[in-house]
Amino acid sequence: MCQEKQKTKGNKGTFYITTPIYYPSGKLHIGHTYTTVASDVMSRFKREMGYDVKFLTGTDEHGEKIQTTAKAYGMEPKAYVDQMVADIKKIWESMEISYDIFIRTTDEIHKKGVQAIFQQLYDKGDIYKDEYEGWYCTPCESFWTETQLEEGHKCPDCHREAHLTREEAYFFRLSKYQDPLIQYYEDHPEICLPESRKREMLNNFLKPGLEDLCVSRTSFDWGIPVPFDEKHVIYVWLDALSNYITALGYGSQENPELYNQYWPADVHLMAKEIVRFHTIIWPAMLMALELPLPKKVFGHGWILFGEDKMSKSKGNIVYPEPFIQRYGIDALKYFLLREFTFGQDGNFTNTLFLQRYNSDLANDLGNLVSRTVAMIEQYNEGILPAAKAKEPVDDELKNLAISTADQVEALIDELQFHEALEQIWKIVRRSNKYIDETTPWILSKDESQKDRLDTVLNYLAESIRIVSILIKSFMGHTSAEIQKQLGLQDASTSLTWEDAKTFDKIPADTKVKKGEALFKRLKLEQEAKELAAANEAYARKILKVTDAKKEDKKEDNKETAASEPKEEITIDDFAKIDLKVAVVKEAEKHPKADRLLVLQLQVGDEIRQVVSGIAQDYTPEELVGKTVIYLQNLKPIKLRGVKSQGMIMAAEGDGKLGLLTVDKDLPDGSSVS
């Protein structure tokens, strides 16, 4: 069932925010968590403001790709996604994501809602039956026209090869809503933000013309059946996009009051590559259903690694867990939302993270809190004094501190998280400068300056208290620890956003108590090496677990597979196979996989490279010079980043593997028939 967790009530109205629902085909990385962290901060902030918040996230579990991936593991699709969803929920738990509803597209409430939506659109005439012939990208679950493809029939989104498909399908009349969508963009510019995304949608998709959208498939069966034609399953985008209202009970009649209370969404938050679906297809569906459109769709940029998008195929994935384990969740959240301009691409490196950690967290904030509490303990026996002798520099700090909350509020509403944190850090930096300007260590040596010293200590504590309120949505643990060291742990639950707009909120004679450093300063060179090693070890662990699961399933299925005869083929089918005699000239271990060897084969006048999973049965040394049978016309692929041009043939039985060869001395390149 769709899970609802948080219960929040406010007095400023409702606020509904969503992440995209994630495709559970692998371990989530830093790029995935970026969207969810931003949504979490916005949700926490709105709760602080007094809104009744609903924060939705979840998983998109249907489609050909999931079915294919599950099969590779020897599992049924539902069992596979159950396992993956459990892992995703663990990640959100470790990152303390405060979602209210977790929707799965395999939930009954979602299935009923999607079927009701499909039926409604069909009855209206906005869905019709026809035949589709076009280019389909399985990883993106997207159809493309010939003109939209990149060179080599590659998908314009993921740049992998699309394939031509032809099948009977149902279509949504997307073209019917082209002009209404263009008009809606003009009347409601916030429907697609930032501005660059809106221009892209208008100029590249809407104005050139929309084609009707394929919304069902018959080539696989892992999906929600079309209610009146069960040989069709509902195509993933109509299925997935509907989650934003089915999670609120639309179409299922289970919780219609949630839909009435929270729709339309205040913010759909996502990465830029899926903005097109959310700002063209989704609004068109809602128009057809005669439902309100979301108030704002925001597509942020990618987190790049070495100037390239993170992806498993490129081997450049960064996972959040090592960062959380070493530096805490607050440090990771701060970096993600401070380092990158939200809406633009940003480059993630360990060095940037560590530098930001040291400069902003350890040096600026951590040092400020530590120095202030230590001085109150040293100069006033740990009791916060009242302000007495004021000077113009005090008002400068105070005015900056009490004026920042309104700026931060406006910036977070605009999803400018990086700039909101910059405004907060202006107080932090100004407070550190204030210490240097007022020199409390000198004041403490002159009894006649006691009133002045008391004022300095009071203003520092009040400024830090304001910072603790302003960072609470971003860094909850740090906020609580600051308030604890200021002696406000009992009052922390009663501190409100409005308390960040005034001084004199710390009760007189409050006892402070210095604690552990908020963020310990790091030795950057040493830490960079240790962090790199931790990331690499975690990535290997993920890969090892994944490989082990696949191998376990292969072992489970070996006996069954061996006993079942394969489908008969004709001589024409066999004629398509191009087998050659080849000689192994070189062999070495794969740099990233223990089970793989990389072979250089002499095939006539050519050298062909093959990656083969035979490392447990053969050493590289014993392969050099062997004559083998080589399948030459197998489509080249990359295995763990290394190109493989075909495969060598082997027989397997009783847990042993033996390479196929010929019983006479034939020259390499000879044909096998």
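Points worth noting:
- Set of aspartates and glutamates with alpha-carbon distance to residue 450 below 20 Å, sequence-local pairs under 8 removed: 377, 381, 391, 394, 395, 436, 437, 462, 504, 509
- Interchain or long-range residues, amide H under 5 Å from residue 138's placed H: 163
- Ranked packing of 428-435, 345-352, most packed first, by mean Cβ within 10 Å: 428-435, 345-352
- When each of the peptides 358-364, 474-480, 14-20 is scored by the mean number of other C-beta atoms lying within 10 Å of its residues, the order from highest to lowest reads 14-20, 474-480, 358-364.
- Taking each residue as 0.36 nm, the span from residue 129 to residue 68 lengthens on full extension beyond its C-alpha to C-alpha distance by 19.3 nm.
- Taken about its Cα centre, the stretch 157-280 carries a charge dipole of about 340 debye when Lys and Arg each add +1 at the Cβ and Asp and Glu each add -1 at the Cβ.
- Phi to ³J(HN,Hα) by Karplus 6.51 cos²θ - 1.76 cosθ + 1.60 over the stretch 269-274, Hz, x for Gly, Pro: 10, 6, 7, 5, 5, 10
- Remark: the stretch 1-102 projects, on average over all directions, an area of 6.6 nm² (convex hull of Cα atoms).
- Residue (of 630, 73, 335) at the positive-pole extreme of the chain, dipole from beta-carbon charges: 335
- Over the chain, the fraction of Cα-Cα pairs per 20 Å bin, rounded to whole percents and listed from the shortest bin up, is 15, 41, 30, 12, 2, 0.
- The charge dipole of the chain, taken about its Cα centre with unit charges on the Cβ atoms of Lys, Arg (+1), Asp and Glu (-1) only, comes to about 1500 debye.
- Over the stretch 382-487, relative contact order from alpha-carbon pairs under 8 Å, at least 6 apart, %: 37
- The stretch 233-381 - charge dipole about Cα centre, Lys and Arg +1 at Cβ, Asp and Glu -1, debye rounded to 20: 420
- For the chain, DSSP calls about 75 percent of its internal beta bridges antiparallel.
- Euclidean distance of C-alpha centroids, the stretch 589-646 and the stretch 421-444, integer Å: 63
- A cut-off of 5 Å between modelled amide H atoms, ignoring neighbours fewer than 5 places along the same chain, links residue 650 with 660.
- With Cα atoms defining each centre, the stretch 463-484 and the stretch 229-246 are spaced 43 Å apart in the structure.
- Calculated P(r) of the stretch 360-480 - Cα pairs past 16 Å, %: 60
- Positive contributions from Lys and Arg (+1) and negative ones from Asp and Glu (-1), summed over other residues with Cβ under 10 Å from the Cβ of residue 326, come out at -3.
- At least 27 Å along the helix axis (C-alpha) and Kyte average at least -1.0, DSSP helices within the chain: 392-413, 417-438, 450-470
- Charge dipole (the chain, unit charges on Cβ, about Cα centre) - positive-most of 137, 459, 353: 459
- Length-normalised contact order of the stretch 165-218 in % [C-alpha pairs under 8 Å, at least 6 apart]: 68
- In this structure the amide hydrogen of residue 154, modeled in the peptide plane, comes within under 5 Å of the amide hydrogens of 162, none closer than 5 places in sequence on its chain.
- Of the peptides 68-79, 507-518, the ranking by mean beta-carbon count within 10 Å, highest at the top, reads 68-79, 507-518.
- For the stretch 347-362, the Karplus equation 6.51 cos²θ - 1.76 cosθ + 1.60, evaluated at θ = phi - 60°, returns couplings of 9, 9, 9, 4, 4, 4, 4, 5, 5, 5, 4, 5, 6, 7, 8, 6 Hz by residue, with Gly and Pro reported as x.
- Backbone phi angles across the stretch 95-100, fed through the Karplus curve with coefficients 6.51, -1.76 and 1.60 (θ = phi - 60°), yield HN-Hα couplings of 8, 6, 6, 9, 5, 9 Hz in residue order; Gly and Pro are listed as x.
- The residue list 204, 214, 522 was ranked by how far each Cα lies along the charge dipole of the chain toward its positive end, using unit charges on Cβ atoms, and 522 comes out on top.
- Our summary gives the chain a relative contact order of 11 percent, counting only alpha carbon pairs under 8 angstrom and 6 or more residues apart.
- Computed label-point distance, nm, for sites residue 595 and residue 290 using a 7 Å Cα→Cβ extension: 5.6
Readers should treat all values here as calculations from the given coordinates under stated rules, not as data from a laboratory. Treat the numbers as computed from the prediction; the structure is a model and nothing was measured. Reconstructed Cβ throughout: ideal geometry from the backbone, glycine too, with neighbour counts over all protein chains shown.
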